[in-house]
Amino acid sequence: MKKINGLIVCSGEANRYIDMEKVKNYKGSNFDSFQNPGLLFKLLSEHFGFPIIFNESKLQKGLQKGLQKGLEKGLDVVIVYGFPSRKVRPLIWDEIFKLPKGIKVIGVTTDIHTDTYCNLEHQITVENEMKDQFRQAFDKSDITLSASYSALIQIYPEYKDQMIWVTNFFASHERYIDLPFNENPLNKCLFTGSIGDAYPLRLHIYNHIRMELPKEKQNYADIIDRKLAYFNRYAKLLNSYLCCVAGAPYYDAIMSKVFEITAAGSLLLTETSPDLNNLGFKPNEHYIPVDKENVFEVIEKVTKNPENYREIRMAGMEHCRRNFSVNNIVNQYIEIIECCVNNEPYNETKMIKLK
């Protein structure tokens, strides 16, 4: 097979996670959102030999030079991480729009929002400048990869045929695979993740456990802990708890926490969704379904009878580790990139092949 000449362009804070050694002590608020893509693109770069462009303060100048070098070598494909949002448009897409025809562009979406209102119906119906910029990026892209596929095809149905569902994942592979199944976890529920209108279940839990109060005055303090950790410490923290809550966003998408929790061997408590079903996660077999009405009742039931959930923990862990490591997703990307460059159709299911 002919060598593919390509370039990976990363936007925003994701750039700093390409070099994992530089961020071992990083504690920024957006940490969880960007560490996994950073590793994903690092592995893709190593596989194909694609340079990665990232230089936050001089990104556009670096992009111009990188694209020029790529064109001189016969550039086949450019992978762009980040759709038009905040400062991404002037930094990246204005340069991508200038690429000559014949060079494939694979766009990888991050957020679906075109404004700050967290309501899917609103995102479907609203029209604004940001939405026009999204459409321009879709028009330039030969393929669009997204973990928010189900939402995006509702917001931009005219681009459905070029979209491919590439789900989130856990990373690194070794960080989770090397964790032994915990036969004696802490008999409590771990509650972690960003809080806000974008995550209704998380906000509901936060409002009810009253985390702003001293622990002795908090509701459910005897069965729910809220803690943060990063890298290996994060995986070990998940592994140390009997169960963990992973609240979904207001639109149907599966966040990385679903895979991180199950890969760590903790019992996943989350909302049932079509995407979760399509990924082979079966309720009461791989996870326990919860919603705003029953979440505290379920947590109390689980923590009172931990022995009843060992097999579900084990089944969820095995299913996740087989299918949703960064290594699985890298292989999916490789197949998609090769198909795109060679003008071959990707498999009809447009999603990862489950094992």
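Just so you know, all these numbers are worked out from the coordinates, no wet-lab data involved. Everything numeric in this text was worked out from a predicted model, so none of it was measured. All Cβ positions, glycine included, derive from the backbone under ideal geometry; neighbour counts span all protein chains shown.
Could you pull out every residue, at least 5 positions away or on a different chain, whose amide H is within less than 5 Å of the one on C189? Hs are placed 1.01 Å off N in the peptide plane, and Pro or chain starts have none.
Under 5 Å from the amide H of C189 lie the amide H atoms of I224, D225, each far enough along the sequence or on another chain.
Can you give the charge dipole size of segment 174-323 about its Cα centre, rounded to the nearest 20 debye, using +1 on the beta carbon of Lys and Arg and -1 on the beta carbon of Asp and Glu? Numbers along the way, then the final one.
On the way: 19 positive and 20 negative charges, 84 e Å.
Approximately 400 debye in magnitude.
Given contacts defined as C-alpha pairs under 8 Å and at least six residues apart, what's the relative contact order of the chain, whole-number percent?
Result for the chain is 16 percent.
At 222 nm, what helix-only mean residue ellipticity would the chain give, in deg cm²/dmol to the nearest 500, using -39500 (n - 2.57) for each DSSP H run of four or more?
For the chain, the value works out to -11500 deg cm²/dmol.
What do you get for the angle between helix 310-323 and the principal long axis of the chain? Use alpha-carbon atoms, 0 to 90 degrees, nearest ten.
Approximately 10 degrees, to the nearest ten.
Taking other Cβ within 10 Å of each residue's Cβ, how do F231, F170, F181 sort, fewest first? Kindly include the intermediate steps, with their values, before the conclusion.
Values: F231 16, F170 27, F181 13.
Final ranking by Cβ density, sparse to dense: F181, F231, F170.
In Å, the Kirkwood hydrodynamic radius of segment 253-302 over pairs of distinct alpha carbons? Write out the running numbers ahead of the final one.
Details: mean 1/r = 0.0889 Å⁻¹.
Result for segment 253-302, one decimal place: 11.2 Å.
How far, in degrees from 0 to 90, does helix 129-140 lean away from the longest principal axis of the Cα atoms of the chain, to the nearest 10?
That helix lies at roughly 60 degrees to the long axis.
Rounded to two decimal places and with Rh computed the Kirkwood way over Cα pairs, what is Rg over Rh for segment 174-323?
So for segment 174-323, dividing Rg by the Kirkwood Rh gives 0.93.
With the contact rule set at Cα under 8 Å and sequence spacing of 6 or more, what percent relative contact order holds for segment 110-214?
Working: 61 pairs, mean separation 20.2, N = 105.
For segment 110-214, the relative contact order is 19 percent.
Note the angle between two axes, namely the Cα long axis of helix 31-48 and the longest principal axis of the Cα atoms of the chain, as a number of degrees from 0 to 90, rounded to the nearest 10.
50
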